[in-house]
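See structure below.
Read the figures in this text as sums done on the coordinates, not as results from a lab. In this text the structure is predicted, and so the values were computed from the model without any measurement. Because the Cβ atoms are built from the backbone with ideal geometry, glycine has one as well, and the counts that use them run over all protein chains shown.
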Amino acid sequence: MKGKTWLFWGGLIAAAGGVLFQTSYDVQDLEEKLAGLNRKIIHEQESIQVLKAEWSYLNDPSKLEQMAQSYLALQPTEPRQYVAMDLIPMRPADAVPPPAPALPGQPGAAPLPPMVRAPGTGTSQVASARVPTVPNNTAAGIVPVSVPATAKPLPMDKALERAAVVVPASLPSGGGLADPAPRIKPSALVPGAARAPVERPAEKAATDRAAGKLAPNAPTAPNRATEVATRPVPPAAAPVPAPKAAAAQQPYQPKPTDSLGLLVARLGVNR
Amino acid sequence: MSGYDHGGPVGYGQPGGGGVPGSPGSTYVPPPAPSPYQQPPQQPSARPRTSLAVALEQSRYRLLVTAAVVTTVFTAIGVKLAMATLFAGGGEPRQHVALEVDNTTTNRADIIDRNGNLLATSLVTQSLFADPKLVSRPEEAAQKLVSVLPELDYKDLVGKLSGDRRFVWLKRNLTPKQQAAVHRLGIPGIAFEREERRFYPAGPLTSHVVGFTGIDNSGLAGMEQGFNKRLTEDPGTPLQLSLDLRLQHVLKKELTATVQEFSAIGAAGIVFDVRSGEVLAMVSLPDFDPQDPTGLNSDTLFNRATLGVYEMGSTFKIFNSALAFDAGRIRPSDMFDAKNPIKVGRFTINDYHSLHRALTVAEVFQHSSNLGSVRMVQQVGVAAQKAFMTKMGFTKPTGLELPESGWPLVPNPWREVNSYTISFGHGLSVSPMHTVAAAASVINGGLFHKPTLLKRNSDAEIPTEQVVSRQTSDLMRRMFRFVVTEGTGKSADVKGYVVGGKTGTADKQKGRHYQKNSRMSSFLGAFPMNDPRYVVYVLVDEPKATAKTYGYATGGWVAAPAAGRIIKQIGPLLNVPTVDESSPEILNSTFLNAAGSTNWQQSLPPVSAPPPSKGSTVASFPTQTKPR
């Protein structure tokens, strides 16, 4: 009996001691962590301070003005450009509503989902993607650029889809909506060395054809696949035959929207 | 108790030799003393004192002492244990406490402008120092250091590294790259010290206001010096100035252009909020780069806007007219003789471009006539003028927070001749800041606000003092506007902003003489005059006339166009609504004609204005006429 009591108390003491030591080491650990965090905080604060200083330095009005003068066509505002709000007359109630913009070639047709290529038209739908396709009768009193009153607010992802993404006319199907973002396909990456030389002449041809349409100061980067897409394709020209021909030769030909894959191939990463 | 061993009476044992009666180990009871109450059976003397008994007794004593000590110690340990575990609260003190996140890591507060843009901040850098005792081979160490820090001098470095001192700075404020390079060298005895470096993102733009600090981060000029204590005592909260960086930029840009155009030696400019007394922009040219205090000289450091005191010339006619109106004896339509020169002692006061006729008060202001001004002050009197100028703050520093605040040069005694010259702005030298603050009080309804460089809270009460009456202020606004519509300040006009102002040109005094070809040309403008909100002041030091200005370098030709350009650019930034100047509401509050009439509806053509209403901007300017 006595031995058991001793055992009990001894065990209790040992357990308490063990827990105590464990706690002590935990606390020590935490203290070290805290010290490390404090160091990190100080470091972050110092970095923030540096960034603030740099931000202010880069936002110095003298520098901004210099850069605005050399890169922008903007002038300082003048007093005559300001009009008080009450000087603007209200719109007369009986004014004739401006005709809502109709899509070229299909007046009164049901509104197309944005970014889907209109069937039969070879042109890309840059302009029509943003224009609210509202029937004429509901647009009374609403200027065309404003959001129609009946339209419900779109969720974010839908709104993003509605943004003017250019769909190239040469897209083989109307699947621009389905795959708007270029994705790297493993198959597109593998034969890069073989495909890159084939792709270049086609690109060049496209560049040459569209060169006349480009604004003189537009940035030209002939090696970017997206350039093909943003370029206005002349409607009279046949919808770029080169990729199709290339596709006939090369089964691994990526889609023209697969810009990253093209880029990788062109840069010769796999070589 | 085992006291019975000795047969002694229980409880009556006298403690011999220091026994503790209550202690647990007290087993010894000394031989009882003879007691009158009890008769011991044996006399103590009868007991045999054997050696055994002695030994026993001794060991008892020893045991007793040992037990006492042990008890004391264990009691003490027990008490301390209880205190340490039960009453100590949280155990041992924390080694680390969490940082407060909003704390700043630096020891000197930032300075920001009224929109929160950084004007001065402290960045943490590392400085390199050496303990020469620990440097084993100074030549080799110096060689290595020079290879990564080429700006250090080898010989100097060897001298420093082989000295006897225990601490010597090698280079302050290394860049991180340099630090890494030095660190990689691994030279013993060389170490880094965390230091702060003051950095001015706006650079020279605000140099005269913000000032700069020395290498030990103590303020040496500007707000850095004026608020040195505040900046170091409360490093967490930034010091917010009333400056607006955008206005500052516009002001500096236009002043620089003016200085270049007229090959001037300097310029000063101030944008001032007449409603709150805040200085929104203040520039003095030439300025300096506060990052690099090595190349500073006294000319660039000199703040012309606050430290320089100058004879202001014709801009002082603002105060002369306000004094005349406020005295109540003079109305704008009163006529004063501006034909006959005034002789005071050996001096003769004259208008060089005299119109040779009597002028109304409005015309005196319009043409900046010295004679008319003197006639006006003659009616008011010397004492009233002195009291008025004192009220305007022209006899003491402005009270601006900068340490660079100039004392005005006040004539003592203030004689009659002084009062004459002061009436047209000579003989009393004040700083541009004085002039601006006083002029603001003249047009804002008569409330003098002490100028400040600190941003006022929107709800804070602004200390004010009524210095002129509202009626006087109203008349003065019309006079200001009249100068810009039909007087010497036409080139300062900006359509839509109802600008008013007064030009000024003063000959500079070199030694004891006034020089005819070195002058200070200035323009004090305000807008919008129907409800003044901002004063724009431009002062150009020694402008040289150019072909474009037909040989003139007066305030109307030099400073007024610059002020106009400034107003044109800062008006939109300050949210001043543009108005139609010819609308009835505006004319109601700003109209004045040469006859001194404020009634614009019977706006007859100015009765007495001469066909070329072009006087020189300045009385002292020695030529005939000048357009604008």
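Structure above, values below:
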{"item": "Cβ-derived FRET efficiency at R0 56 Å, B:T66 paired with A:K40, nearest 0.05", "result": "0.45"}
{"item": "Most to least packed among B:565-576, B:493-504 [average Cβ atoms within 10 Å]", "result": "B:493-504, B:565-576"}
{"item": "Chain B: radius of gyration and largest Cα-Cα distance (Dmax), Å", "result": "42.8, 152"}
{"item": "Contour minus Cα-Cα distance for B:N588 and B:N297 (0.36 nm per residue)", "result": "99.6 nm"}
{"item": "Net charge over other residues, Cβ less than 11 angstrom from the Cβ of A:K33 (K, R count +1; D, E count -1)", "result": "-2"}
{"item": "Segment B:D289-B:D234, extension gain: residue separation times 0.36 nm, minus the distance between their alpha carbons", "result": "17.2 nm"}
{"item": "Rounded to 10°, Cα long-axis angle of helix B:370-380 versus longest principal axis of chain B", "result": "70"}
{"item": "Estimated FRET transfer efficiency when R0 is 56 angstrom, pair A:Y57-A:A93 (beta carbons, to 0.05)", "result": "0.55"}
{"item": "Whole-percent pair-distance distribution, where bins are 10 Å wide, for the alpha carbons of region B:463-528", "result": "20, 34, 27, 18, 1"}
{"item": "Between 0 and 90°, nearest 10: helix B:138-148 axis offset from chain B longest Cα axis", "result": "50"}
{"item": "Spacing of the two label points (7 Å from each Cα toward its C-beta) at B:K339 and B:Q471, in nm", "result": "3.1"}
{"item": "Neighbour net charge for A:E78 - beta-carbon separation under 13 angstrom, K R +1, D E -1", "result": "+4"}
{"item": "Global geometry of region B:194-344, whether rounded, prolate or oblate, following the gyration tensor of its Cα atoms and the 1.5 cut on a/c", "result": "prolate"}
{"item": "Amide H partners (placed H, <5 Å) of B:I112, local residues excluded", "result": "B:L119, B:L239, B:Q240, B:L241"}
{"item": "Peptides B:180-191, B:110-121, A:59-70 ordered by average Cβ neighbours within 10 Å, highest first", "result": "B:110-121, B:180-191, A:59-70"}
{"item": "Computed helical MRE - 222 nm, chain B, DSSP H runs ≥ 4 contributing -39500 (n - 2.57), nearest 500", "result": "-9500 deg cm²/dmol"}
{"item": "Cα centre as origin, Lys/Arg/Asp/Glu Cβ charges: chain B dipole, Debye", "result": "1080"}
{"item": "For region B:187-200, Karplus couplings with θ = phi - 60° (6.51, -1.76, 1.60), whole Hz, Gly/Pro x", "result": "7, x, x, 10, 9, 10, 10, 6, 9, 10, 10, 6, 10, 10"}
{"item": "All-pairs alpha carbon distance profile, region B:419-470, 10 Å steps from 0, percent", "result": "22, 41, 29, 7, 1"}
{"item": "Relative contact order of chain B, defined on C-alpha pairs under 8 angstrom at six or more residues apart (%)", "result": "12"}
{"item": "Acute angle (nearest 10 degrees) that the helix B:245-261 long axis makes with the longest principal axis of chain B, alpha-carbon atoms", "result": "50"}
{"item": "Of the trypsin sites (Lys or Arg not before Pro) in region B:328-398, those whose Cβ has at most 14 other Cβ within 10 Å and which sit in DSSP loop", "result": "B:R329, B:K339, B:R346, B:R357"}
{"item": "Shielding by partners, peptide A:55-66 (average Cβ within 10 angstrom, other chains)", "result": "5"}
{"item": "Prolate/oblate/rounded label for region A:46-97 (Cα gyration tensor, a/c 1.5)", "result": "prolate"}
{"item": "For region B:104-110, 3J(HN,Hα) per residue [Karplus equation, 6.51 cos²θ - 1.76 cosθ + 1.60, θ = phi - 60°, Hz, x = Gly/Pro]", "result": "9, 8, 9, 9, 9, 5, 6"}
{"item": "Global form of region B:443-595, assessed from the alpha-carbon gyration tensor, a/c cut-off 1.5", "result": "prolate"}
{"item": "Filter on B:K386/B:K510; B:K548/B:K568; B:K339/B:K568; B:K252/B:K490; B:K391/B:K455; B:K229/B:K502 - keep pairs with C-alpha separation over 28 Å", "result": "B:K339/B:K568; B:K229/B:K502"}
{"item": "Average beta carbon contacts from partner chains per residue of A:32-42, 10 Å cutoff", "result": "3"}
{"item": "Shielding score for B:114-122, defined as the mean number of other chain Cβ atoms within 10 Å", "result": "3"}
{"item": "Using a Förster distance of 41 Å, the FRET efficiency for B:A88-B:R165 (Cβ separation, nearest 0.05)", "result": "0.30"}
